[in-house]
1. Can you name every residue in the stretch A:444-482 that is small (G, A, S), over 26 Å from A:R350 (Cβ atoms) and in contact with a helix residue (DSSP H, G or I) (Cβ under 8 Å, 6 or more places away or on another chain)?
2. Can you tell me which residue within the stretch A:450-475, out of those that are free of Cβ contacts under 8 Å to residues at least 60 places away in the same chain and part of a loop (DSSP other than H, G, I, E, B), is surrounded by the fewest Cβ atoms within 10 Å (Cβ to Cβ)?
3. Return yes when B:G436 is among the small types (G, A, S), open to solvent by less than 20 Å² (accessible area, probe 1.4 Å) and closer than 17 Å to B:V337 by Cβ and no when it is not.
4. Which residue, of B:R295, B:R273, is under 25 Å from B:E374 (Cα atoms), surrounded by 17 or more Cβ atoms within 10 Å (Cβ to Cβ) and either within 12 Å of the chain's Cα centre (by Cα) or within 14 Å of another protein chain (Cβ to nearest Cβ) (or both)?
5. Would a scan of the stretch A:353-368 turn up a residue that is in a loop (DSSP other than H, G, I, E, B) and within 10 Å of chain B (Cβ to nearest Cβ)?
6. A:I338 - would you say it is buried (at least 17 other Cβ atoms within 10 Å of the Cβ), more than 14 Å from chain B (Cβ to nearest Cβ) and more than 28 Å from A:N34 (Cα to Cα)?
7. Here is a list: B:I300, B:I266. Which entry is out of contact with any helix residue (DSSP H, G or I) (no Cβ under 8 Å at 6 or more places or on another chain) and either open to solvent by less than 60 Å² (accessible area, probe 1.4 Å) or within 14 Å of another protein chain (Cβ to nearest Cβ) (or both)?
8. Being within 13 Å of A:Y160 (Cβ to Cβ) and among the β-branched types (V, I, T) is the filter here; which residues of the stretch A:94-147 pass it?
2 protein chains.
Amino acid sequence: MKMNVLHWHLTEDQGFRVETKKFPELHLQGSDGNFYTQNEIREIINYAANRGIRVVPEFDMPGHATAWVVSHPEIASGKPGETYTIERRPGIFDPTLDPTNEKTYKLLEGFFAEMTQLFPDKYMHIGGDENEGKQWDANQKIQAFMKEKGIKNNHELQTYFNKRILKFLQKGGKIMMGWDEIFQPDLPKEVVIHSWRGQKALAEAAKLGFQGVLSNGFYIDLAFPASQHYVTDPIPVDTTLTAEEQKRILGGEATMWSEWVSPETIDSRVWTRAPAVAERLWSPRDVTNIDDMYRRMETIGNQLEELGLTHRKNQTMMLRRLANNQDISALQTLVSVIEPIKEYRRYQQRPQIMLDPLTGLIDASQPDAKGAREFNKMVAAMISKNDFSTDSEKLKMIFTGWRDAGSELENVMQNAPALHEAKQLALDLKTLGEIGLEAMEFLGTDKTPVAEWRSAKLKSLDEIAKPKAALEFMVVESLKKLVNASVEKRSTAKN
Amino acid sequence: MKMNVLHWHLTEDQGFRVETKKFPELHLQGSDGNFYTQNEIREIINYAANRGIRVVPEFDMPGHATAWVVSHPEIASGKPGETYTIERRPGIFDPTLDPTNEKTYKLLEGFFAEMTQLFPDKYMHIGGDENEGKQWDANQKIQAFMKEKGIKNNHELQTYFNKRILKFLQKGGKIMMGWDEIFQPDLPKEVVIHSWRGQKALAEAAKLGFQGVLSNGFYIDLAFPASQHYVTDPIPVDTTLTAEEQKRILGGEATMWSEWVSPETIDSRVWTRAPAVAERLWSPRDVTNIDDMYRRMETIGNQLEELGLTHRKNQTMMLRRLANNQDISALQTLVSVIEPIKEYRRYQQRPQIMLDPLTGLIDASQPDAKGAREFNKMVAAMISKNDFSTDSEKLKMIFTGWRDAGSELENVMQNAPALHEAKQLALDLKTLGEIGLEAMEFLGTDKTPVAEWRSAKLKSLDEIAKPKAALEFMVVESLKKLVNASVEKRSTAKN
């Protein structure tokens, strides 16, 4: 794929994943034992280096720091004597390092002395994102410190912190990299801004002389289709940057946060869309043929699987387990048209903690569901050509397939407890098939639906469009278009 | 699976797979570099031991010995000065160790001194199979030796050889094990006979006091269905052995020769039937419900896959590659009713050498094709109940599926060169579907076929039954029954 940097996020509220020899309490108390030893890290760095890939580690601070303060509560910004445990939920949490405490810097100085040795790359990432400053606001000692030093707000306080950290990195020969939030015009110009906010933020930094990397638009953990990532460019067509400023935009990163992945599912979350990001980053801006991207993605996906990746293979395995060893063809029809809910809404819709198994239908389902994509493409062509007959048999077969799979799933689910959360999805799949067949009936004949038909079907489709079990049907909009077309056919028909 | 011995066949005409420190030329010249280092072997032995599994190595001699004599032609029984290269074809070959040459024993004494140290198990297997003695017959020196010693035939000469080898094994504290051919009544009674010939051979040895292990009936490399292995018992119901003699039958072995497996396919050759052998060997003789075995096999197969085996996953991957990244559903229909040719006929039908890639349709196809098994079961029930209406819709759908997949495959193959060898199979699949639909038409109505219909269809089915691309349709016999039933329905109908 020619992706040449592994940005490795190693500390978080939910875990401290790197072994430290100087402060072993950090990984031992902060990781449930799930950390990389320094030997393993060296092995990964070498493995990557042999393939022309650099490894940039991230130690996220001062926020996202719960795992740090499990063993070192004295450097947190909370109440004196407050203790912390490893966070089990996803989200943004309060525990934040105390930038006014010299003990914080003592620990970090030792830590970075060790890490700048362990990781040979020139860059080191300090995170810096999503510090909401709640502990800072509530801490009188910190407030007094800010007053004394003339620090006006939390952003300035974080900058004070960053500048102290910068010294530790520079001592180890590293260039500092961090998320948008670290940006501050008077930082040294060598600092690299990593933008989750977008091209605009990146362009602003570039204008002030800072280099940057774009992640916004490339968050492959959000379950968006490859097509969406494919048309995002770190330097958009309407950029106002000069040629020199544009050079400061170093590239982009496919960002894969791992709250909801397991060894079984990680490949399906990464390799279904990452190749599109890679191609974007290595291609001229005017390479934007989405159909052709998907055509090639199909082949690339097969080749990656032959190399040992599991984005396709594991899906059938997981479906067989969900179906309790019954036939999975109906379930395959369902997952061909549903996708995991987009953005970070999974936890709200289907709460689990970090220790729960990831073996549900949402885990077996994948972004960019192929059946839905092909269906949507077919319907779009029909509508645009106003030709509902050429492909009508194909479409009827698809609808019949949905209807029958929906019925069959009701049987399968009787003996498959793990699928009970998806009962409504099975009913919906059946309804989708039925609505489609009705629409085709009207589109293929002179018959016209009664007045109430359209509103009833559209209402039904609105219900179906609502996520269930944190999964959504990706075919509803196209079906609405067919419903509308089957009413309006006379007015739009060519002859 | 409770299988508790790994019998590891380490030397063959096609390769010498174990590292020797004393005679490194053996593995270096005899293996193309594909050998297990002693460290790897120790790792495997420990891995197995931690799971309660013993490792019994086999060094096959005096036949199947080409890889030995690549580096040591002086101990072969061929013409003086003859040289040897690693064999690339499967089969039985001439190169045989010279049992009349003291150099042979010198090498083997050193070799076994090393191997009896490397492998901790009490048993060591010396093969001994399929020595056709051609080099012995043609070698005047060997003939003279036999005359001088009063050795009457090749079997006696091999026994002379075995007795000399036995001393090396005993010196290393090992009990000798070998295939049927090593059996000779005056061998020490501790020698274990490993039978590829069958229960009768094993019983004869047991009567003379020898212990034995059965492999005949459990050759899972022959592509036979699990049902066949499942009903084979090392001690058959009609055994004439006494209780004491029966105790000498130690158990059985699922034998997996590896001429035609690759890392991609090995699991599909082993784990599709091995669980049935395992259950047989750990079950009372009267546990013989085949339908129930297949029901459980389905679940076990899924569980094994969740543990990381690839017998199911890799099939779709291989089909996608064969289809040149086109849709594989038609191909999946085909592989659901075809199987690799049985026994050792693959090489004749579809010659390849050992270095060729194993990526053909035969490699993606698997024994015990599920679609065929289910179809055959359904037809058998119809015939036995003389009821062709209850399941007729299901059956029509199956036939329609075959017919349509056959047509679709013709399109797919136009852009999939690797499938061209299977063009006739696609046509045959279509014909099978058409014949089935015609038969159902007669079975479902009062219509009777014209006289020529039956003979024409049966003739067509005979053609289809012939293997192509080393693959066979497993549904032909059932379809013949349906054709016959559709003609004879009046005479056999219940009312």
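The values are calculated or read from the model by the stated rules, or taken from the named source; none is laboratory data. Bear in mind that the values here come from a model prediction, so they are computed numbers and not experimental data. Cβ: placed from backbone, ideal geometry, glycine included. Neighbour counts: every protein chain shown. The accessibility values were calculated without ligands, DNA or RNA, using every heavy atom of the protein model including side chains. Shrake-Rupley method; radii C 1.70, N 1.55, O 1.52, S 1.80 Å.
1. Matches in the stretch A:444-482: A:G444 only.
2. Filtering the stretch A:450-475 for residues that are free of Cβ contacts under 8 Å to residues at least 60 places away in the same chain and part of a loop (DSSP other than H, G, I, E, B), the one surrounded by the fewest Cβ atoms within 10 Å (Cβ to Cβ) comes out as A:V450.
3. yes
4. B:R273
5. Within the stretch A:353-368 (the criterion being in a loop (DSSP other than H, G, I, E, B) and within 10 Å of chain B (Cβ to nearest Cβ)), the answer is yes, since at least one residue qualifies.
6. yes
7. B:I266
8. Across the stretch A:94-147, the qualifying residues are A:T100, A:T104, A:I142.
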